[in-house]
Amino acid sequence: MKLNLKRPLAFFDLETTGTNLATDRIIEIAVIKLLPDGTEQTKRWVVNPGMPIPLETSLIHGFYDEDVKELQPFSAIGAEVAEFLTDCDLAGYNSNKFDIPMLMEEFLRADIAFDLSGRHFVDVQNIFHQMEQRTLKAAYQFYCQKDIENAHSAEADTRATMEVLFAQVEKYKDTEFIDKKGNRTIPVQNEVAALHEFTNMQRAVDFVGRMVYNDAGEEVFNFGKHKGKRVEDVFDVEPSYFAWIMNGDFSLYTKQKAKEIYQRWNQNKATRPAANKPATEQGAPKKQSFPKPFNKPQQQQQRNKPPHPQGGNQHKPYRKPEEPAQPVNDDMLQLLANKFKKG
C-alpha cells in the first residue's frame, strides 16, 4: 500500500555497542526515506564507535572491533546524516525509546545541530503492543477463545493462566524458533525444564535483571557503568561498589544476591594462590620511605653549611642539649595533682 505522506518519512535503525544512551555509541545507521510520491531513497553508514564493542553485542549484530577500527567516527559523517534527514518525520521499531534518543546523543556529542521540533515520530512497536495487547485477558482470548469471568480475581486469573499454558504447549509443540544468534530450536515442549529455559531468556540472577548470567554461567552486571562486566571482576577493582549497591535503591533480593556473590568473592580472594595475587598481597617489598631529615647522608644534610646555631643554618633541626633528670619533689607532685584533679 501507499502511505499518505505530506513530507518524507524516514524509517531508520541503529546498531550500537549497547543500550546505554549515556555510554554506548552508534556503529551502523540504515535509513529508508519514503517520499510523498512513493519513491524511496536509502543510505547506510558504518562508523568506528570509538570504544570496544562487547563480545555479547558483536554476537548479535556481527560487528567486531576489527571490522570498524579503520573507519571514521560518527562526527565525520554526522552532518551528512543530519542533512539526509532534513524535513523528515522519523519512524522505527522502539525508536521513541532508543533509536531517536541515541541518535540525538551522537549529534550533541559531535556538536551537530538537529532540531526535532515540528517532526512526527512513528514507533511501530507501540502500535503492535497497543493493538495486540499483552494482557492475560488478551492471551486467554487469543489462545483459548474465551473471556475470563470475574477477571482480576486471583482464582479466575490463576485458572486462566493455567489454561493459556496448556493451549500454548499444544499450539507451539512443533513450532521452530530462531533466537537472536540464529540458533534454531523447538522450545515450547511439554516439559517444565524446557519451558523454564525458554521463559527465562534473560537469565536474570535477581529476577529484576540488575545482574544476569552470561553464556559461561557467570554473574555480570546488567546496568550502569559496569554493564556487561563480571560482578567479581568489578569487586576486584572497585570493592566499594558492593557497599554502594547495599546502600542504594535496589530490591532486597538484588541486595541478597549481591551479598552472596560478594561473600563468595571475598572467600575466593582469601584462598587465591599467591601466584594469582597482586604483588602487594604476596608480601613484595614496599617502596622504602625515609623519615626526614635524619636518614639522609650527612654530606647531603650539611651541604657545606656551618653548624647550628652559631652559623645560622636554619634547615638543620636544632636539638636542645639533654639535661640530667631531676628528682621528683613535692612541688612536682602538687603540679600533677592540680593538673588532673576533677572539676
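Quick note: the coordinates plus some simple rules give every number you see, no bench work behind them. Just so it is clear, the model here is predicted, and its values are computed rather than measured. Neighbour counts are summed over all protein chains in view; Cβ atoms, including those assigned to glycine, are modelled from backbone coordinates with ideal geometry.
Out of the range 77-143, which GluC sites (Glu not before Pro) are coil in DSSP terms and have no more than 15 other C-beta atoms within 10 Å?
Qualifying residues, ordered by number: Glu132.
Under a Cβ-only charge scheme (Lys and Arg +1, Asp and Glu -1), can you give me the dipole magnitude of the range 211-272 about the Cα centre, in debye to the nearest 20?
120
Calculated FRET efficiency, Thr161 and Ile112, Cβ-Cβ r, R0 35 Å, to nearest 0.05?
Efficiency, rounded to the nearest 0.05: 0.10.
When a footprinting reagent is the concern and you count Cβ atoms within 10 Å, what order do Met104, Met211, Met1 take, fewest first?
Met1, Met104, Met211
What is the spin-label model distance, in nm, from Tyr64 to Gln189 if the labels are put 7 Å beyond Cα along the C-beta direction?
3.2
Quick check: from the Cα gyration tensor, does the range 37-138 come out rounded (a/c under 1.5), prolate or oblate?
It comes out oblate by the Cα gyration axes.
Label point 7 Å out from Leu21 along Cα-to-Cβ: which residues of the range 180-223 have amide N under 20 Å?
Within reach of a label on Leu21, which here means backbone N under 20 Å from a point 7 Å along Cα→Cβ, the range 180-223 contributes 210, 222-223.
Give the shape of the range 147-258 as rounded, prolate or oblate, defined through the alpha-carbon gyration tensor: a ≥ b ≥ c are the square roots of its eigenvalues, a/c under 1.5 means rounded, and otherwise the shape is prolate if a/b is larger than b/c and oblate if not.
Oblate, since a/c reaches 1.5 and b/c is not below a/b.
Net charge near Glu155: determine it from the other residues with C-beta under 15 Å of the C-beta of Glu155, scoring Lys and Arg +1 and Asp and Glu -1.
-2
Treating only the Cβ of Lys, Arg, Asp and Glu as charged (+1, +1, -1, -1), what charge dipole size does the range 97-163 show about its Cα centre? Round to the nearest 20 debye.
That gives the range 97-163 a dipole magnitude of about 120 debye.
Of Phe128, Leu90, Thr19, which is farthest towards the positive pole of the range 9-129's charge dipole, taken about the Cα centre with +1 and -1 on the beta-carbons of Lys, Arg and Asp, Glu respectively?
Highest projection toward the positive end goes to Phe128.
Apply the a/c threshold of 1.5 to the C-alpha gyration tensor of the range 133-199 and tell me whether it is rounded, prolate or oblate.
prolate
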